[in-house]
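The values are calculated or read from the model by the stated rules, or taken from the named source; none is laboratory data. Just so you know, these numbers come straight off a predicted model, no measurement behind them. Glycine also receives a Cβ, built like all others from the backbone with ideal geometry; neighbour counts cover every protein chain displayed.
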């Protein structure tokens with residue numbers, strides 16, 4: 001998406017227009033450290049993206065690193081989607097080689113400080129999600145496997161990433177979303193979860209289960225006393241749907257971002273288990289993620305009508321989530 005040869009402002013404008021039309025006001029957008037080999041071009045394209053987003057009343061949350069899917073990213077043309085498989089071309093950042101390098105920090109530090117520093121006072125950016133699912137081992141296929149000591153490497157690197165981002169003095173909050181385990185008490189947290197929840201200015205989390213699971217997640221994290229953002233939800237066939245989750249989020253004033261917008265090369269209309277059982281001869285009974293067909297038609301008209309009605313109701317309420325005032329919420333003892 002971000003490389004000069006394949007950056008497509010017209011497509012971005014069209015798709016964000018569809019999101020705007022149903023009331024979406026933020027979008028979680030992934031960056032990649034390898035793109036920093038062309039800092040000026042990369043920053044210029046981000047600026048273009050932000051201009052398009054602002055036109056459509058959308059303030060994105062940028063994700064800097066990600067531990068999911070293919071472990072060996074490279075620049076240049078990417079391989080075509082593997083038929084029948086969910087997210088078959090998604091790449092980790094940093095990749096396995098960078099993680100295994102005993103001295104990756106200078107390049108990664110430059111990337112973090114360069115991106116966050118450039119847009120640190122830009123009102124068009126809502127927040128910085130520094131690392132997506134850092135404790136994720138990648139996925140079920142051999143192509144997903146990183147170094148055998150990947151968790152330990154990330155446990156060492158993640159606090160540095162928070163420090164690098166904070167050193168750029170952003171006005172926007174920093175976060176990294178909890179996604180696995182039991183968060184109900186400090187003694188149940190793993191080391192990476194502890195870093196995420198203690199270092200985040202606002203608490204973000206993922207919830208792909210039934211409504212009861214979503215409410216349990218909220219209750220577990222409310223003890224931090226910080227704004228809550230569910231930065232991943234909505235996987236229809238496992239019980240997480242717009243119909244069941246979004247009304248709870250609006251009632252409890254929890255910001256929520258579903259995975260997937262338009263059916264495309266990521267093939268995230270297919271479920272995670274497609275890595276073990278590719279959907280070649282038949283399609284799943286219902287889409288897993290995504291909201292629109294490539295021509296802008298809703299997958300389910302009732303869903304888009306519900307999103308439009310609930311976002312309109314939430315935005316008109318005096319108790320609406322205060323997006324316009326969303327800034328870093330910090331521990332006063334932090335530097």
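Suppose we keep only residues that are buried (at least 16 other Cβ atoms within 10 Å of the Cβ), closer than 21 Å to residue 202 by Cβ and modelled with pLDDT of 50 or more within region 296-326. Which one would you say is farthest from the chain's Cα centre (by Cα)?
That would be 314.
From 86, 79, 72, grab the single residue that is part of a loop (DSSP other than H, G, I, E, B), surrounded by fewer than 16 Cβ atoms within 10 Å (Cβ to Cβ) and touching a residue at least 12 places away in the same chain (Cβ under 8 Å).
Among 86, 79, 72, only 72 is part of a loop (DSSP other than H, G, I, E, B), surrounded by fewer than 16 Cβ atoms within 10 Å (Cβ to Cβ) and touching a residue at least 12 places away in the same chain (Cβ under 8 Å).
Find the residue count for region 26-38, including only residues that are out of contact with any strand residue (DSSP E or B) (no Cβ under 8 Å at 6 or more places or on another chain) and surrounded by 19 or more Cβ atoms within 10 Å (Cβ to Cβ).
Number satisfying all stated conditions: 1.
Can you find a residue that is touching a residue at least 60 places away in the same chain (Cβ under 8 Å), surrounded by fewer than 22 Cβ atoms within 10 Å (Cβ to Cβ) and over 23 Å from residue 173 (Cβ atoms) anywhere in region 55-63?
No: region 55-63 contains no residue that is touching a residue at least 60 places away in the same chain (Cβ under 8 Å), surrounded by fewer than 22 Cβ atoms within 10 Å (Cβ to Cβ) and over 23 Å from residue 173 (Cβ atoms).
Any residue in region 26-33 that is under 29 Å from residue 200 (Cα atoms), in contact (Cβ under 8 Å) with a residue 12 or more places away in the chain and in a helix (DSSP H, G or I)?
Checked against the condition, which is being under 29 Å from residue 200 (Cα atoms), in contact (Cβ under 8 Å) with a residue 12 or more places away in the chain and in a helix (DSSP H, G or I), region 26-33 yields at least one hit.
Out of the residues in region 242-269 that are assigned to a helix (DSSP H, G or I) and within 19 Å of the chain's Cα centre (by Cα), state the one that is nearest to residue 85 (Cα to Cα).
Going through the qualifying residues, I end up with 242.
Are any residues in region 222-241 surrounded by fewer than 20 Cβ atoms within 10 Å (Cβ to Cβ), in contact with a strand residue (DSSP E or B) (Cβ under 8 Å, 6 or more places away or on another chain) and not in a loop (DSSP other than H, G, I, E, B), and if so, which ones?
Of everything in region 222-241, those that are surrounded by fewer than 20 Cβ atoms within 10 Å (Cβ to Cβ), in contact with a strand residue (DSSP E or B) (Cβ under 8 Å, 6 or more places away or on another chain) and not in a loop (DSSP other than H, G, I, E, B) turn out to be 222, 224.
Go through the residues of region 162-169 one by one and say whether even a single one is closer than 22 Å to residue 245 by Cα, at pLDDT 95 or above and either out of contact with any strand residue (DSSP E or B) (no Cβ under 6 Å at 6 or more places or on another chain) or part of a loop (DSSP other than H, G, I, E, B) (or both).
no
Could you tell me whether residue 46 is part of a helix (DSSP H, G or I), in contact (Cβ under 8 Å) with a residue 12 or more places away in the chain and touching a strand residue (DSSP E or B) at 6+ places or on another chain (Cβ under 9 Å)?
Against the criterion (part of a helix (DSSP H, G or I), in contact (Cβ under 8 Å) with a residue 12 or more places away in the chain and touching a strand residue (DSSP E or B) at 6+ places or on another chain (Cβ under 9 Å)), residue 46 qualifies.
Here is a list: 277, 289, 282. Which entry is in contact with a strand residue (DSSP E or B) (Cβ under 8 Å, 6 or more places away or on another chain) and assigned to a loop (DSSP other than H, G, I, E, B)?
Of 277, 289, 282, the one residue that is in contact with a strand residue (DSSP E or B) (Cβ under 8 Å, 6 or more places away or on another chain) and assigned to a loop (DSSP other than H, G, I, E, B) is 289.
Might you check whether a residue that is under 22 Å from residue 227 (Cα atoms), in contact (Cβ under 8 Å) with a residue 60 or more places away in the chain, touching a helix residue (DSSP H, G or I) at 6+ places or on another chain (Cβ under 6 Å) and not in a loop (DSSP other than H, G, I, E, B) occurs anywhere in region 104-116?
no
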